[in-house]
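The values are calculated or read from the model by the stated rules, or taken from the named source; none is laboratory data. Computed from a predicted structure; not experimentally measured. Note that we place each Cβ from the backbone using ideal geometry, even for glycine, and neighbour counts take in every protein chain shown. Only protein heavy atoms, including side chains, enter the accessible area calculation; ligands, DNA and RNA are left aside. Shrake-Rupley method; radii C 1.70, N 1.55, O 1.52, S 1.80 Å.
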Amino acid sequence: CEMLGMSTVADWPPNKEFKLFESEKYPWSKCRPHLSSGAWMARVADALSYLRMWEADWTEKEGGMNETEKTRGWDDQMAFRRLHKRFYPRFKVDTLAKIWTRSDSSMDCI
């Protein structure tokens, strides 16, 4: 893939569309199928491309803000999830914690 993002147990911000998408794409993940914007990796050229799209999502609202964002403002996590859905399978989530792991309540649930 071009971009690999860290996984999380949290469907945050809550979003039925992205929760379903992530669960469908990563059915083997018992408890961490969701994308976190907290960590990601890519080759430099790919990273720059995705960061430009992430910035465009913010500056131009090209991603189409959801209801929560319309009241609270743009959300980096939601924008990252929009990119993930748009570019999957070129953009994937490390749902088996092969690259990153978290030290939270679900850290042993891989």
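Among the residues of region 58-71, the one identified as open to solvent by less than 50 Å² (accessible area, probe 1.4 Å), farther than 17 Å from ASP11 by Cα and touching a helix residue (DSSP H, G or I) at 6+ places or on another chain (Cβ under 7 Å) is GLY63. Looking at THR59, THR8, just one residue is hydroxyl-bearing (Ser, Thr, Tyr) and either over 12 Å from the mean Cα position of the chain (by Cα) or over 24 Å from THR101 (Cα atoms) (or both), and that residue is THR59.
Picking from TRP74, TRP28, TRP12, which residue would you name as being surrounded by fewer than 14 Cβ atoms within 10 Å (Cβ to Cβ) and touching a residue at least 12 places away in the same chain (Cβ under 8 Å)? Before the answer, list the steps.
On the way: TRP74 fails: surrounded by fewer than 14 Cβ atoms within 10 Å (Cβ to Cβ); TRP12 fails: surrounded by fewer than 14 Cβ atoms within 10 Å (Cβ to Cβ).
Exactly one of TRP74, TRP28, TRP12 is surrounded by fewer than 14 Cβ atoms within 10 Å (Cβ to Cβ) and touching a residue at least 12 places away in the same chain (Cβ under 8 Å), namely TRP28.
Taking region 94-110 as the range and being surrounded by 14 or more Cβ atoms within 10 Å (Cβ to Cβ) and either modelled with pLDDT under 80 or in contact with an Asp or Glu (Cβ under 7 Å, 6 or more places away or on another chain) (or both) as the test, the residues that pass are TRP100, THR101, ARG102, SER106, ILE110.
Among (1) outside any helix (DSSP H, G or I); (2) free of Cβ contacts under 8 Å to residues at least 40 places away in the same chain, which single condition is GLU55 missing? Unmet for GLU55, out of (1) outside any helix (DSSP H, G or I); (2) free of Cβ contacts under 8 Å to residues at least 40 places away in the same chain: (1). Of the set (1) open to solvent by 80 Å² or more (accessible area, probe 1.4 Å); (2) hydrophobic (A, V, I, L, M, F, W, C); (3) closer than 29 Å to TRP28 by Cα, all apply to ALA79 but (1). If the condition is being open to solvent by 20 Å² or more (accessible area, probe 1.4 Å) and touching a strand residue (DSSP E or B) at 6+ places or on another chain (Cβ under 9 Å), then region 82-93 contributes LYS85, PHE87, ARG90, LYS92.
The set of residues in region 22-52 being aliphatic (A, V, I, L, M) and either closer than 15 Å to LEU96 by Cα or not in a helix (DSSP H, G or I) (or both) consists of LEU35, ALA39, MET41, ALA42.
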